[in-house]
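Enquirer: I have a structure I would like to understand better, so I am pasting it below and will then ask my questions one at a time.
The values are calculated or read from the model by the stated rules, or taken from the named source; none is laboratory data. Please read all numbers here as calculations on a predicted model, not as lab measurements. Cβ placement follows ideal geometry from the backbone for every residue including glycine, while neighbour counts extend to all protein chains displayed.
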Amino acid sequence: MITSKNKRRISDSTIQKYFLIFSVIVLIVFILFPLASLLKNAFMDTSGNFIGILNFSKYIENPSLIASFKNSIFVSIVSSLISLCLAFIYSYAITRTNIKFKNFFKTMGMFPLFAPTMLYGISLIYLFGNKGIFTTMGLEVPLYGPLGIIISQILFTFPQAFLILSVALSMADYRLYEAADSLGASEFKKFCKITIPGIKYSLLSSFFVSFILAFTDFGAAKVVGGNYNVLATDIYKQVVGQFNIPMGATVSMVMLIPVLIAFTLDKMASKKQGMTITAKSMPYKIKENKSRDRAFLIVCSLITLLIFILIFVSVIGSVIKLWPYNLSFTMEHYTFKGILGSGIKTYLSSLKISTLTAVFGTIFVFFSAYMIEKVDKFPKLRQIAYFLSMIPMALPGLVLGISYITFFNSASNPLNFLYGSTAILVIVNIVHFYSVCFITSNSSLKMLDIEV
């Protein structure tokens, strides 16, 4: 005899199964299908004929495209290494010293998250461009090229590296340092033998995350890159400038290779990071050292000053009539007149898309994470959904955008009606930011008691 309680359980189980199936279908349609379409277009010509690996051969034989690949690798590695070093010093100062104004420095360290790399490029032009403040004072800097890109990308990747390292440095067991003190180890030896080994995988993770962000960045290269080509701008030129979708798809696939390698290495490093805090662990005790604190305070102040100047310059530039010829105050730029499109409507459209992305993305991500983490049935289905949920993290925004063009712009695609609509912009944004939100929700749900 089936009781009402059993009926409810059967009903709950069925709902869970159907929602998991729905989640998997949505992720397949909006992640795997566009990527498959991108891969297919890389083997086609502009007429849609299959040409095998000819596009890849053309890419390898084209000196300018190969140069772009090398340039992308170079600026990404350099900016990631510098960002890693600065973030380590900054996070070490906040977690392992007694400097003043820690909350202020934490806030300023996260500030670059709220601005695109284009903003830093524009600020650098105000400072070091042909008519920049410092340039007119006689300080000339070769801004347009790798230097400008690297500086912009350092600021862009700094908050992510700072976040990862500050968490790692705060998770320390002071018993190890006490044992080292009893053995007479110097501060430098403790730093080399305890601190660095304890966060080595976090250092690797910070580097790979910074590398992925820098390698796939378009804004900095577009604003201050000058004639220094990188893969991100090459994709833009191929698709928008020449409307060569197959070659754009080819360059996108080439861009995806280093990103996937870095992403895989990052995941491997994350898995190897062992548990550093146990029930018996002691929180880290910061010793008094005024000379150390003064030195770190100066370094943190300089980093914060750089961040502040670059943001402040853009704010000032936005209320000046015409830099540097007419420095009179104006709020005219905030009327959005002269913007390509329809002025203020373009801005409002961005707000609309962002709001819809936040609302629908949050709902879908939370319920997907809940079904994957809290439902104890359908293990295979949950594994598939989890795997699909992690894919967007390894996809650059440009690659995702090109894949959506190749997939949804096809007349034979039943979802073609989405192309050119607000809906597709909302969907691609949800997919682009899906993995980070999913991991956050999944981690939070893990902390809930199983009875909840």
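Enquirer: Could you please find all residues in region 74-102 being of a type in the set (F, W, Y) and crowded, with 20+ Cβ neighbours inside 10 Å? Explain how you work it out, then say what you get.
Expert: So the first thing to find is which residues in region 74-102 are of a type in the set (F, W, Y), and the list is 74, 88, 90, 92, 101.
Scanning region 74-102 gives F88, Y90.
Quick grid of which residues meet (1) in contact (Cβ under 8 Å) with a residue 40 or more places away in the chain; (2) farther than 24 Å from L398 by Cα; (3) not aromatic (F, W, Y):
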{"site": "L20", "(1), (2), (3)": "yes, yes, yes"}
{"site": "V75", "(1), (2), (3)": "yes, no, yes"}
{"site": "S79", "(1), (2), (3)": "yes, no, yes"}
{"site": "L84", "(1), (2), (3)": "yes, yes, yes"}
{"site": "Y90", "(1), (2), (3)": "yes, yes, no"}
{"site": "N98", "(1), (2), (3)": "yes, yes, yes"}
{"site": "M108", "(1), (2), (3)": "yes, yes, yes"}
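Enquirer: I want to confirm something. Restricting to region 429-440 and keeping residues that are at pLDDT below 80 and over 13 Å from the mean Cα position of the chain (by Cα), which single residue is farthest from V399 (Cα to Cα)? Spell out how you get there, then give the answer.
Expert: Just the residues of region 429-440 that are at pLDDT below 80, to begin with: 436, 439-440.
With over 13 Å from the mean Cα position of the chain (by Cα) added as a condition, the list becomes 439-440.
Values: I439: 22, T440: 24 Å.
For region 429-440, the residue satisfying everything is T440.
Enquirer: Considering each residue of region 224-246, count those that are among the polar types (S, T, N, Q), more than 17 Å from A42 (Cβ to Cβ) and surrounded by 16 or more Cβ atoms within 10 Å (Cβ to Cβ), and give that number. Even if it seems obvious, please write down each step before you answer.
Expert: Keep residues of region 224-246 that are among the polar types (S, T, N, Q), which gives 227, 229, 233, 238, 242, 244.
With more than 17 Å from A42 (Cβ to Cβ) added as a condition, the list becomes 227, 229, 233.
Add one more test, that the residue is surrounded by 16 or more Cβ atoms within 10 Å (Cβ to Cβ), and what stays is 229, 233.
Total meeting the criteria: 2.
Enquirer: Restrict the check to region 20-37 and report whether at least one residue is modelled with pLDDT under 85, surrounded by 13 or more Cβ atoms within 10 Å (Cβ to Cβ), closer than 30 Å to I372 by Cβ and not basic (K, R).
Expert: Kept after step one, since they are modelled with pLDDT under 85, are these residues of region 20-37: none.
No, the conditions are met nowhere in region 20-37.
Enquirer: Let me ask another. Filter region 38-57 for residues that are of a type in the set (S, T, N, Q) and surrounded by 15 or more Cβ atoms within 10 Å (Cβ to Cβ); which is farthest from the chain's Cα centre (by Cα)?
Expert: To start, the set of residues in region 38-57 that are of a type in the set (S, T, N, Q) comprises 41, 46-47, 49, 55, 57.
Still in the list and also surrounded by 15 or more Cβ atoms within 10 Å (Cβ to Cβ): 41, 55.
Details: N41: 26, N55: 29 Å.
Filtering first and then ranking leaves N55.
Enquirer: Let me ask something additional. Find all pairs meeting these conditions: Cβ atoms under 7 angstrom apart; at least six residues apart or on different chains; first residue within region 386-400 and in the same structural domain as S441 (by TED's automatic domain parsing) and surrounded by fewer than 18 Cβ atoms within 10 Å (Cβ to Cβ); second residue part of a helix (DSSP H, G or I) and among the small types (G, A, S).
Expert: Pairs found: M390/S435.
Enquirer: Give the residues of region 280-326 that are assigned to a loop (DSSP other than H, G, I, E, B), closer than 27 Å to R96 by Cβ and among the aliphatic types (A, V, I, L, M), sorted by residue number.
Expert: Keep residues of region 280-326 that are assigned to a loop (DSSP other than H, G, I, E, B), which gives 280-289, 319, 323-325.
Now narrow it down to the ones that are closer than 27 Å to R96 by Cβ: 280-289.
Those that are assigned to a loop (DSSP other than H, G, I, E, B), closer than 27 Å to R96 by Cβ and among the aliphatic types (A, V, I, L, M): M282, I286.
Enquirer: Return yes or no: is N71 closer than 30 Å to F191 by Cα and either over 18 Å from the mean Cα position of the chain (by Cα) or buried (at least 22 other Cβ atoms within 10 Å of the Cβ) (or both)?
Expert: Working: closer than 30 Å to F191 by Cα: no; either over 18 Å from the mean Cα position of the chain (by Cα) or buried (at least 22 other Cβ atoms within 10 Å of the Cβ) (or both): yes.
No; evaluated as a whole, the condition is false for this residue.
Enquirer: Name the one entry in L213, L204, L163, L176 that is under 25 Å from the mean Cα position of the chain (by Cα), surrounded by 17 or more Cβ atoms within 10 Å (Cβ to Cβ) and farther than 14 Å from L81 by Cα. Break it down into steps so the answer makes sense when it comes.
Expert: Values: L213 fails: farther than 14 Å from L81 by Cα; L204 fails: farther than 14 Å from L81 by Cα; L176 fails: under 25 Å from the mean Cα position of the chain (by Cα).
Checking each option against the conditions leaves just L163.
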